[in-house]
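One structure below.
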Amino acid sequence: GVFFWDVLDVSTLNPTYDVIIHAATPASAELNASNPKSMYELNVRAMTNVIEFAARHETPPIVLFTSSGAVYGDMPIDLERFPEGWTRPSSLPFLSSAYAEGKIAAESLLVDASSEGKCVGLLARLFAFSSVHLPLDRHFAIGNFVRDVISTQTISIRGDGSPIRSYMDGQDMAQWLLRIIDAGSSSDIYHVGSERAISIRDLATLVGERYQSLTETSVKINVLGQTSPLDGVSRYVPSTDFTQRTLGVRETITLEDSIDRMISVGLRSL
């Protein structure tokens, strides 16, 4: 069976599970900016409770942790994609994100617990995603663009549109995570994300084009050029070469198809 508990509390479930998936950290840019101490502590406390529960099992269970590519910080100008397990040069500034620092701390706790035989820890560092299940009212650019184009036929880019991202469909993400559980090693780090880089400005244009193709309605795009504490890193794109080769996975859903699905579901919900 599948059971859930609030990982901020010690689990009262019976320790009889083969696999524990820890994906409970809030991806909240607002919390990260307004209360970084709380964001950091949420990461550490949640992982501490997951490990405590895993350690009570007679046979150490698999613990898959969905960490984040945010642990790498901003990408050096000479790096096109973050390789799996990339080590930040000491010349780079310290991370300023409590979310990223909390993920690093949680990863370290899991690695230590795995080496102590409490569990079989698996690390998946996730990047950015498109999905029919993605909230449209958070800080996720692609979700905001789909919301805006459906409701007003106008897409507003708050910044200058220059940051670079890549987007994997949530269905592919789920398949990759299941494959990590089936065949992953606790000694490796896996990237879950797309290698197809796209600027935020080009993403807005693509969402507009897909909407126009589906509805035959023209779309206006506004670039506001504002800055915000919620702004992320300038480039956020993974290499998945090692992950694809060792696990035999690949992307099966294009960004265009993923956007079409998001728009279609959004239109049906009006």
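Observations
- Pairs of Cα atoms farther than 18 Å apart, the stretch 200-270, %: 60
- Accessible surface calculations at 1.4 Å, restricted to protein heavy atoms, place the chain at 51 Å² per residue.
- Total charge dipole magnitude, the stretch 36-168, about the Cα centre, Cβ charges on Lys, Arg, Asp, Glu only, Debye to nearest 20: 260
- Summed residue charge, Cβ within 15 Å of Asp188's Cβ, Lys/Arg positive, Asp/Glu negative: -1
- Top positive-direction residue, dipole computed over the chain with Cβ charges, set Ile164, Asn14, Ile181: Ile164
- ³J(HN,Hα), Karplus 6.51/-1.76/1.60, whole Hz, each residue of the stretch 193-203, x for Gly, Pro: x, 9, 8, 7, 7, 8, 6, 4, 4, 5, 5
- Ser258 sits among other residues whose Cβ lies under 12 Å from its own Cβ, and their net charge, with Lys and Arg +1 and Asp and Glu -1, is -3.
- Accessible area of Leu123 in the full protein assembly, 1.4 Å probe (Å², nearest 10): 10
- Coil-residue trypsin sites (Lys or Arg not before Pro) of the stretch 193-270, DSSP, other Cβ within 10 Å capped at 16: Arg196, Arg250
- Backbone amide hydrogens, once placed in the peptide plane, bring Ser130 within less than 5 Å of Met168, Asp169, Gly170, excluding anything fewer than 5 places away on its chain.
- The solvent-accessible area of Thr66, taken with every protein chain present and a 1.4 Å probe, is close to 20 Å².
- Most simply put, the chain has about 10% antiparallel DSSP beta bridges, counting only bridges with both residues inside it.
- Whole-Hz couplings from phi, Karplus 6.51/-1.76/1.60, listed for the stretch 179-187; x for Gly and Pro: 5, 4, 4, 6, 10, x, 10, 5, 8
- Once exposed loop chymotrypsin sites (Phe, Trp or Tyr not before Pro) are cut out (DSSP; at most 13 other Cβ, 10 Å), longest piece of the chain: 95-270
- Over the stretch 90-231, relative contact order from alpha-carbon pairs under 8 Å, at least 6 apart, %: 31
- Summed side-chain charge close to Ala197 - residues other than Ala197 whose Cβ falls under 9 Å, Lys, Arg +1, Asp, Glu -1: +2
- When every Cα-Cα distance of the stretch 67-146 is counted in 10 angstrom steps from zero, the calculated P(r) takes the values 15, 36, 34, 14, 1 percent.
- Computed [θ] at 222 nm, helices only, for the chain once each DSSP H run of length n ≥ 4 contributes -39500 (n - 2.57): -12500 deg cm²/dmol
- Two-decimal log10 I(q)/I(0) for the chain, as the Debye equation yields it once each C-alpha is a single scatterer, q = 0.14, 0.17 Å⁻¹: -1.04, -1.40
- Charged side chains reduced to their Cβ positions (Lys and Arg at +1, Asp and Glu at -1) give the stretch 179-270 a dipole of some 120 debye around its Cα centre.
The values are calculated or read from the model by the stated rules, or taken from the named source; none is laboratory data. Model, not experiment: these values are computed from the prediction. Cβ: placed from backbone, ideal geometry, glycine included. Neighbour counts: every protein chain shown. Quick note on the areas: whole protein, heavy atoms, side chains included, nothing else; ligands and nucleic acids left out. Shrake-Rupley method; radii C 1.70, N 1.55, O 1.52, S 1.80 Å.
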